Amino acid sequence: MAAIKAEYIWLDGYTPTASLRSKTKILDTEVRSLAELPDWAFDGSSTEQAEGRSSDCILKPVRMVQDPIRGNPHVLVLCEVLNPDGTVHPSNSRAHLREVTERFVDHEPWFGIEQEYTLYKGLKPLAWPQEGVPGPQGPYYCGVGTDKVSGRDLVEAHLEACLVAGLHISGINAEVMPGQWEFQVGAVGPLEVADELWLSRWLLHRLGEAYGVTVSLAPKPLLGDWNGAGAHTNFSTKAMRALGGLKVIEEACQRLSARHKEHIAVYGAGNEERLTGKHETCPITEFRYGVSDRGASIRIPIYTAKNGCGYLEDRRPAANMDPYKVCARLIETVCAEPARQYSVPVTATA
Ligand code: ADP
Ligand code: MN
Ligand code: MN
Ligand code: MN
């Protein structure tokens with residue numbers, strides 16, 4: 001009997017920010033497709049997802065990838081959480097994105113998410129000396145050398161793991177604050193990018209264990225003159241990518257402007273500490289968009305402006321955002337039909 005280790009991964013019920021949980025199921029035959037994976041259950045009273053007296057929640061597999069840590073034929077299994085009667089659990093934010101993705105499938109939305117994060121050793125960022133603080137920001141972004149970056153072994157191991165798992169990771173870089181890094185996932189469809197972002201986050205936390213390093217997605221890990229951590233969300237629709245797309249992108253920015261507050265509400269807890277107007281951000285109370293403007297809420301990349309089509313970058317989401325919520329919100333705001341214009345009814349009067 002071949003013992004296959006299937007790591008079932010899900011989001012817990014903590015608010016305002018959910019955490020990843022996982023446990024291992026041993027299967028006695030190799031699994032070739034998602035449909036072959038059984039549903040499972042867990043104790044929801046330990047994850048803020050149920051009361052002790054009726055504690056079972058259901059894990060429904062929704063995406064399976066190779067486990068790059070245990071190796072072939074072991075697998076990672078991302079799950080949605082359901083109630084015992086099979087209905088969607090309130091903590092399950094994926095279900096709504098599923099519905100939105102289906103409803104707006106004709107728009108062919110693509111997302112590329114830039115995940116920034118900060119590495120910690122105990123209570124201090126990895127790059128912090130025993131006494132005092134590192135020199136001011138400037139030399140660290142995309143830097144090389146022990147005096148510029150820390151944690152590269154973990155970062156490289158994570159990149160390799162994501163590739164082996166078949167995730168659409170598209171790049172990595174050292175960030176402005178020492179000990180802070182970024183990886184990008186996409187550009188792919190909404191459910192793919194969000195599932196893969198959660199799986200790549202899980203791999204990062206998991207590999208951190210091997211290095212005795214903790215991964216923080218806090219939007220503003222340190223107050224003061226240190227950059228926060230965001231999750232810039234690059235977004236396009238078929239119409240934005242086609243000839244004349246720049247006009248569609250500008251119209252999208254107008255729509256986003258009218259719904260700023262509803263977006264901020266799902267862009268991550270504690271984001272007000274990050275969106276201050278300093279450190280390449282726009283204040284949380286303002287909305288601005290502009291070409292190449294890294295102090296705007298939405299940046300239109302230079303090549304998009306030059307080519308007259310492409311994508312937009314929403315710079316507002318925080319590193320700890322839930323991509324299921326952010327992608328759904330963006331699609332709903334940008335792709336919804338405009339309010340119907342009813343012409344004055346012609347009524348036949350007697
Ligand atoms: P930045 O210059 O802001 O640091 P990055 O290179 O880190 O940009 O990230 C840009 C992201 O945008 C990548 O994940 C990339 O795949 C994504 N992207 C590129 N083209 C599109 C597109 N048409 N639609 C959505 N995302 C896109
Ligand atoms: Mn980037
Ligand atoms: Mn960045
Ligand atoms: Mn960016």
Exercise for the section: Apply the Kirkwood formula to segment 194-350: the hydrodynamic radius equals the inverse of the mean of 1/r over all pairs of different alpha-carbon atoms; give it in Å with one decimal. Expected result: 17.4 Å
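Compare the peptides 62-68, 302-308 by average per-residue count of other Cβ atoms within 10 angstrom and give them in order, highest first.
Taking the mean over residues of other Cβ atoms within 10 Å, the ranking is 62-68, 302-308.
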Practice task
Just tell me which aspartates and glutamates come within less than 12 Å, Cα to Cα, of Lys278; anything on the same chain fewer than 8 places away is out.
Solution key: Asp225
Exercise for the section: May I ask you to derive the FRET efficiency for Leu34 and Glu332 from their Cβ-Cβ distance with R0 = 25 Å, giving the value to the nearest 0.05? Expected result: 0.40
Exercise for the section: Please work out the Cα center distance from segment 181-213 to segment 31-63, rounded to the nearest Å. Expected result: 21 Å
Exercise for the section: May I ask you to give the solvent-accessible area per residue for segment 101-335, in square angstrom, as obtained with a 1.4 angstrom probe? Expected result: 43 Å²
Exercise for the section: Work out how much length Leu223 to Ser19 would gain on full extension: take 0.36 nm times their residue separation and subtract the Cα-Cα distance, in nm to one decimal. Expected result: 71.1 nm
Practice task
Would you calculate a helix-derived [θ] at 222 nm for the chain, using -39,500 (n - 2.57) for each DSSP H run of n ≥ 4 and dividing by the full residue count, to the nearest 500?
Solution key: -7500 deg cm²/dmol
Problem - Ordering of 283-294, 92-103 by packing [mean C-beta count within 10 Å, highest first] - result: 92-103, 283-294
Handout entry: Average Cα contact separation per residue, segment 219-350, under 8 Å, 6 or more apart, as relative contact order %
Key = 32 percent
Fill in the blank from the handout: Ranking Val164, Val149 from most to least accessible area with a 1.4 Å probe gives Val164, Val149
Handout entry: segment 276-336-segment 86-133 distance, computed between alpha-carbon centres (Å)
Key = 16 Å
Problem - Members of Lys124/Lys148; Lys60/Lys325; Lys124/Lys325 lying beyond 25 Å, as alpha-carbon distances in this model show - result: Lys124/Lys325
Completion exercise
Judged on accessible area alone, 1.4 Å probe, highest first, Trp40, Trp181 line up as Trp40, Trp181
Problem - Most to least accessible of Thr237, Thr15 (protein chains only, probe 1.4 Å) - result: Thr15, Thr237
Fill in the blank from the handout: Output row, site Ala210, 7 Å Cα→C-beta label point, backbone N cut-off 17 Å, window segment 134-163, residues 151-163
Practice task
Just tell me which aspartates and glutamates come within less than 17 Å, Cα to Cα, of Lys5; anything on the same chain fewer than 8 places away is out.
Solution key: Asp28, Glu30, Glu36, Asp39, Asp67
Practice task
Please report, as a whole percent, how much of the solvent-accessible surface of the chain comes from carbon and sulfur atoms (probe radius 1.4 Å).
Solution key: 52 percent
Problem - 1.4 Å probe accessible area per residue over segment 4-91, in Å² - result: 51 Å²
Practice task
Taking every pair of Cα atoms in the chain, average 1/r, invert it to obtain the Kirkwood radius, and report Rg/Rh to two decimals.
Solution key: 1.01
Problem - Rg in Å to one decimal, and Dmax rounded to a whole Å, for segment 4-91 via C-alpha atoms - result: 13.3, 39
Practice task
List the lysines whose Cα lies under 24 Å from the Cα of Lys306, skipping any in the same chain that are fewer than 8 positions away.
Solution key: Lys238, Lys247
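The values are calculated or read from the model by the stated rules, or taken from the named source; none is laboratory data. Since the structure is predicted, the reported quantities are computational estimates derived from the model, not experimental observations. Cβ coordinates were reconstructed from backbone atoms using ideal geometry, including for glycine residues, and neighbour counts include every protein chain displayed. For the accessible areas, the whole protein counts, side chains as well, though only heavy atoms, and no ligand, DNA or RNA atoms are used. Shrake-Rupley method; radii C 1.70, N 1.55, O 1.52, S 1.80 Å.
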